[in-house]
1. Provide Thr64, Thr49, Thr230 in ascending order of the number of other Cβ atoms located within 10 Å of each residue's Cβ, fewest first.
2. Sorting check: for 237-244, 212-219, 183-190, which peptide has the highest mean count of neighbouring beta carbons within 10 Å, and how do the rest follow?
3. Using 0.36 nm per residue, how much length does the chain from Ala378 to Ser216 gain when fully extended, once their Cα-Cα distance is taken away?
4. I need the calculated FRET efficiency for the pair Ile317 and Ala42, taking r as the beta carbon distance and R₀ as 35 Å, to the nearest 0.05.
5. Order 109-117, 275-283 from most to least packed using the mean count of other Cβ atoms within 10 Å.
6. Round to a whole angstrom and tell me the spacing of the C-alpha centers of the stretch 137-174 and the stretch 44-77.
7. Taking the Cβ of each residue in Tyr349, Tyr334 as the centre, tally the other Cβ atoms inside 10 Å and list the residues starting with the fewest.
8. Place a +1 charge on the Cβ of each Lys and Arg in the stretch 34-130 and a -1 charge on the Cβ of each Asp and Glu, then give the dipole magnitude about the Cα centre in debye, rounded to the nearest 20.
Amino acid sequence: MFLPELCIKRPVLATVMSLAIILIGVISFLRLPVREYPNIDAPIVSVRTVYPGASAEIMESQVTQPLEDSLAGIEGVRTIKSVSREEVSQITVEFLLERDVDSAANDVRDRVARVRGQLPDETNDPVVAKIEADAQAIMWLAFSSDRHSALEITDYADRTIVDRLQALPGVASVIIAGERRYAMRLWLDRDRMAAYSLTPQDVEDALKKQNIELPSGRIESRQREFSVLTESDLRTPAQFNDLILKETKGYPIRLRDIGYAEIGAADERNAVRVNGNPSVGLGVVKQSTANTLSVAQAVKALLPALRDSLPEGMKIIVGYDGSVFIEKSIEAVYHTMLEALALVVAVIYLFLRNWRATLIPFVTIPVSLIGSFFFLYALGFTINTLTLLGLVLAIGLVVDDAIVMLEN
């Protein structure tokens, strides 16, 4: 009972202590990150393997099945899920909550390395990665234009917009969806290839031999030194069309004899549409400790400057903003806290019929709730719907303690 007696005998000290608690709580509140739910990352590890040109059946039998058989023996596995589709095998391994995700990822890498020799030689090395809850984009920006192609939009966004977004505080990375990267596409006529007894493999071999850029050492003299570079890489469609595939009776057969080369997109299998219009999307991924609302506000503040710098005919809109739902959810909880505070004060006055007895719990509730933000900050918690719900439930406990102390 030392603290209550001290506060009663020294009201000025009690007032200063309360103000100090409020000050510390407000500072901690301003530094707390805001999320929709608590930062809980389940121990989940994914294994992604790419086999160019393989069908879904081949991916299932030759890639996914050997990997699953090897991963099934790892300790602490809860579930194993796999998806085999054309050219891609995706395996998701979920571990028990008590299992350390870093140790689990190392075990997965070890098991994958054991069966790497059983996979087809043409498969790319399997990529083992930890799945994090914050690895999803919180906002998507859609680029579209009625004067520019998807290649030009992607090139402009990659060179100009991505770096400016990644420079914002709290931004971890920027994802480009529906992108179209510049590439040289070779179109082959099968009838002409048959006439010249050529196959696509012959074209590929010719590209590997003639489209190269190799360091070739250096030339030294007494006073000078030159670096030698063997540069025979092809850059323009005309150079590709002049590519010699083979010689028949002293006559060179070039690429233009069986087809042609043109600049196009490296991959046209993915597409993004906004309101039915083809677009290129930029997804903003925040850092794990960053404030979702602050990152979203920073991106929105940058949008006017981005729009002013866009080429004529190009426009940018916010296609998806995940911070809106979080902001509205937090606001709803705040409103619930205010309503609970008002109802508590009304009920206390209704039963006690004493303004002084009602005023004490009314002052106690804000001081206690605001002061609790310091412990949230010190323990590494965030402001989310669950922590705020706990504060709402704590209002009743604070009122009970205040009434008990008042009666004593």
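Read-outs: derived from the displayed coordinates by stated rules, not from any lab. Note that the structure is a prediction, hence the values are computed from the model and not measured. All Cβ positions, even for glycine, are placed from backbone atoms using ideal geometry, and neighbour counts span all protein chains on display.
1. Thr230, Thr64, Thr49
2. Working: 237-244: 16.4, 212-219: 10.2, 183-190: 14.0.
In decreasing order of mean packing, 237-244, 212-219, 183-190 become 237-244, 183-190, 212-219.
3. Length gained between Ala378 and Ser216: 52.4 nm.
4. Plugging the Cβ-Cβ distance into 1/(1 + (r/R0)^6) gives 0.55.
5. Working: 109-117: 14.2, 275-283: 17.8.
Those peptides, ordered most packed to least, come out 275-283, 109-117.
6. What the calculation gives is 33 Å, centre to centre.
7. Lowest to highest Cβ neighbour count: Tyr334, Tyr349.
8. Details: 11 positive and 18 negative charges, 32 e Å.
Using Cβ point charges on Lys, Arg, Asp and Glu, the stretch 34-130 gives about 160 debye.
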